[in-house]
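See structure below.
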Amino acid sequence: MGISRRGFLKVAGLSALMAALGKSGFELLRPGQVEASIPLTKGKRWAMAIDMRKVTPEIIEECKKSCHHYHNVPEFDNPKVEIKWIWGEEFEHAFPDQQHEYVSDLIKSLEFPLLCNHCSNPPCCRVCPTGATWQREDGIVMMDWHRCIGCRFCMAGCPYGSRSFNWGDPRKAPKELNPGFPTNPEFPTREVGVVEKCTFCNERLAKGQLPICVETANKIEKDSFIFGDLSDPDSNVRKALRKHYSIRRKTELGTHPNIYYIVA
Amino acid sequence: MLDRALKGSSRYWGWLIFLLILMGIGFVLWLYQFKVGLKITGMSRDVSWGFYIAQFTYLVGVAASGVMVVLPYYLHDYKAFGRMTVLGEFMAIAAVLMCLLFIMVDLGRLPRLVNVIMYPHPKSILFWDMIVLNGYLLLNILVGWNALAAERKGIHYRTWVKVLAYISIPWAFSIHTVTAFLYAGLPGRHFWLTAIMAPRFLASAFCSGPAILLLICFIIRKLTKFDPGKEQMRTLGSIIAYAFILNIFFFLMELFTSFYSQIPAHMDSLIYLFRGLDGYGRLAPWMWTFVFFSIVALILLIVPYTRRKEDTLVVAAACVVIATWIDKGLGLIIGGFVPNPFERVFEYWPTVPEVLISVGVWATGFFVLTVLFKIAVSIKEEVAA
């Protein structure tokens, strides 16, 4: 009797374990489809030079509006759960390592547009356990929202605070703050529990269009956002960087950010 | 052997039912969290890991500390620990189970967990953490179970069990080293970016785990006929003393590097933790509680009289558990996220559902621990009789 009960308990335990494992295997058959369908663009190292002599808080606000509208980023009006792909930040907070007491009034008055830096050496991709965030051949740091398990290691890894997590269901964001959500039926909405961020508008690049923020900003102030291929010495980005003095965020960390801020 | 878990006193069953109730509450709240998302926790865009991951980190240490009774027995042939090795191994099993559960409740999309295996990325430390934790769980199940089965039959355990026990020794060090690497390799998280993170983790593990084991041994002696032994507990006391002194020493080294170098980014998290930053200092009372219990523990552990005397040793062990838990289960993870990458302070505090889900996980661990210890103690009582 002792043996059989012992045997029974072993079998019961094992079958419970198998059932639990089998169930969780369910959702795994589908991911990985998304990135395969995206054609790579011709650029080798996409980058952005933002001309801070031209950028105003209004431009940033418009960029944020158009980007979030285009990518179905919901508004929560709550910093705890907010999701942002591009936003404005004062010099002191955008460049905390370069802040000092006597920084010029002009710099102090500026608002810097912040977004994913699409680093050449991205720590987020290094730490991701599933490859749900990875670097494309053209340098874009991409996200596969169908593969992300929501561990948020990338958020701990990103030194720029560029990543947002869907703490709640974005599709259930407050209606009064999000009239007509999803605002762009062409772009996927995300589900609860995945990380998201700026993708440099990879799907627009594939169609030969500029990222939506670049388009929006340049409509208001020509050449305020300069987007191009850093590997091409004759690209507009390279020309702008050759001519003007630019800074990048937290360069000492060796991540090689690809967003340049022209300040003089 | 499992049948030993089915025969017990009413106190045993009452305790298990109490744990089951806590597990049930935690599970229902977890279902709610699974439905609406992690917004029911206190975590935010800025503090993106919280109580769950902090408990995970603490418990990896408890799991690793099983080696502190395994190593002297198998490696140094310290026979006295023969009685206790299985307790260390079973505690490790319960602790690793809790670790895995804490990771699972923290995930945004749990059903995709197997993506870690389907799309393995060895560059990610999390991938290695999965390997070492599951490997350690398996090793402890195999070694603990088979050594106990041999003891029941009155025979010597097989050679392969001993081989696995040897393997489990460096493996125990690996689980906490790899867990430290989760944090210690992130650019821009200055509080964590320290080469002594892994040694510090190991030191705090090797005092907190044995301290918990010591407390459990006292309870076992009170409630059962099995005596883990006076000498054994005294040796545990020495292990706790050395490891805790080392733990505090490492912590002071962190303070020196930060405050002598005067590099703001290295000081900020510590200032936030102990004094508060920009007017926010929710953790300060906790950190000073950590300091208080650390000092009490240090005194009780260093003075030979109080270390050898059993009732003061129990107090010391309790102080060690409280101090290390605050240090690792609260301060270390939250402190790493404050201030945020924009040098702003955004505070975190766990919500009630978050704490109850965590209590549910702890209850699950204690349930497993109780059942395993019940089996082990019953067999040891039978063998002795």
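Remark: B:Y58 falls outside the filter, which requires a residue to be more than 12 Å from chain A (Cβ to nearest Cβ), hydroxyl-bearing (S, T, Y) and surrounded by fewer than 21 Cβ atoms within 10 Å (Cβ to Cβ).
Residue-wise test of (1) without any contact (Cβ under 8 Å) to a residue 40 or more places away in the chain; (2) surrounded by fewer than 15 Cβ atoms within 10 Å (Cβ to Cβ); (3) of a type in the set (D, E, K, R).
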{"site": "B:N140", "(1), (2), (3)": "no, no, no"}
{"site": "B:A147", "(1), (2), (3)": "no, no, no"}
{"site": "B:E151", "(1), (2), (3)": "no, no, yes"}
{"site": "B:G154", "(1), (2), (3)": "no, yes, no"}
{"site": "B:T159", "(1), (2), (3)": "yes, yes, no"}
{"site": "B:A165", "(1), (2), (3)": "no, no, no"}
{"site": "B:P170", "(1), (2), (3)": "yes, yes, no"}
{"site": "B:H176", "(1), (2), (3)": "no, no, no"}
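Restricting to the range A:161-178, give me the number of residues that are touching a Cys at 6+ places or on another chain (Cβ under 9 Å) and in a strand (DSSP E or B).
Let us first name the residues in the range A:161-178 that are touching a Cys at 6+ places or on another chain (Cβ under 9 Å), namely A:162-163.
Still in the list and also in a strand (DSSP E or B): none.
Residues that pass the stated criteria total 0.
Taking helices (runs of 4 or more DSSP H) as the structural unit, those lying wholly within the range B:307-385 and holding at least 1 residues that are under 29 Å from B:W30 (Cβ atoms) and without any contact (Cβ under 8 Å) to a residue 12 or more places away in the chain correspond to B:352-384.
Could you please let me know if B:L270 is buried (at least 17 other Cβ atoms within 10 Å of the Cβ), away from every other protein chain (no Cβ under 14 Å), in contact with a Gly (Cβ under 8 Å, 6 or more places away or on another chain) and more than 14 Å from B:L313 (Cα to Cα)? Outline the logic, then answer.
Values: buried (at least 17 other Cβ atoms within 10 Å of the Cβ): yes; away from every other protein chain (no Cβ under 14 Å): yes; in contact with a Gly (Cβ under 8 Å, 6 or more places away or on another chain): yes; more than 14 Å from B:L313 (Cα to Cα): yes.
Yes; evaluated as a whole, the condition is true for this residue.
Output the qualifying pairs, or none if there are none: Cβ atoms under 6 angstrom, residues six or more apart or on different chains, first residue in the range A:229-245 and in a loop (DSSP other than H, G, I, E, B), second residue of a type in the set (D, E). Every condition considered, the pairs that remain are A:S235/A:D229. Would you confirm whether any residue within the range B:103-112 is facing chain A (nearest Cβ under 7 Å), touching a helix residue (DSSP H, G or I) at 6+ places or on another chain (Cβ under 6 Å) and surrounded by 23 or more Cβ atoms within 10 Å (Cβ to Cβ)? Within the range B:103-112 (the criterion being facing chain A (nearest Cβ under 7 Å), touching a helix residue (DSSP H, G or I) at 6+ places or on another chain (Cβ under 6 Å) and surrounded by 23 or more Cβ atoms within 10 Å (Cβ to Cβ)), the answer is yes, since at least one residue qualifies.
Of all residue pairs spaced 6 or more apart or on separate chains, none has beta-carbon atoms under 8 Å together with a first member in the range B:113-131 that is at the interface with chain A (Cβ under 7 Å from one of its Cβ atoms) and under 18 Å from B:W171 (Cα atoms) and a second member that is hydroxyl-bearing (S, T, Y) and not in a loop (DSSP other than H, G, I, E, B).
Helices (runs of 4 or more DSSP H) fully within the range B:1-107 that include at least 2 residues being free of Cβ contacts under 8 Å to residues at least 40 places away in the same chain: B:10-36, B:85-106.
Inside the range B:166-204, can you point out the residues that are of a type in the set (K, R) and part of a helix (DSSP H, G or I)? Write out each step before concluding.
Narrowing the range B:166-204 to residues of a type in the set (K, R): B:189, B:200.
B:R200 - this is the single residue of the range B:166-204 that is of a type in the set (K, R) and part of a helix (DSSP H, G or I).
In this structure, does A:F181 turn out to be surrounded by 15 or more Cβ atoms within 10 Å (Cβ to Cβ) and modelled with pLDDT under 95? For A:F181, the condition - surrounded by 15 or more Cβ atoms within 10 Å (Cβ to Cβ) and modelled with pLDDT under 95 - is met.
This table checks each residue for (1) under 27 Å from B:I103 (Cα atoms); (2) facing chain B (nearest Cβ under 8 Å); (3) of a type in the set (D, E, K, R); (4) touching a Leu at 6+ places or on another chain (Cβ under 8 Å).
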site	(1), (2), (3), (4)
A:R147	yes, yes, yes, no
A:C154	yes, no, no, no
A:F165	yes, yes, no, yes
A:P182	no, no, no, no
A:V194	yes, yes, no, no
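Name the residue that is nearest to A:Q99 (Cα to Cα), counting only residues in the range A:253-264 that are surrounded by fewer than 19 Cβ atoms within 10 Å (Cβ to Cβ) and at the interface with chain B (Cβ under 9 Å from one of its Cβ atoms). Working first, answer last.
Let us first name the residues in the range A:253-264 that are surrounded by fewer than 19 Cβ atoms within 10 Å (Cβ to Cβ), namely A:253-254, A:256, A:264.
Then drop every residue that is not at the interface with chain B (Cβ under 9 Å from one of its Cβ atoms), which leaves A:253-254.
On the way: A:L253: 17, A:G254: 19 Å.
The qualifying residue nearest to A:Q99 (Cα to Cα) is A:L253.
The values are calculated or read from the model by the stated rules, or taken from the named source; none is laboratory data. Small disclaimer: the values here were computed from a predicted structure and weren't measured. Reconstructed Cβ throughout: ideal geometry from the backbone, glycine too, with neighbour counts over all protein chains shown.
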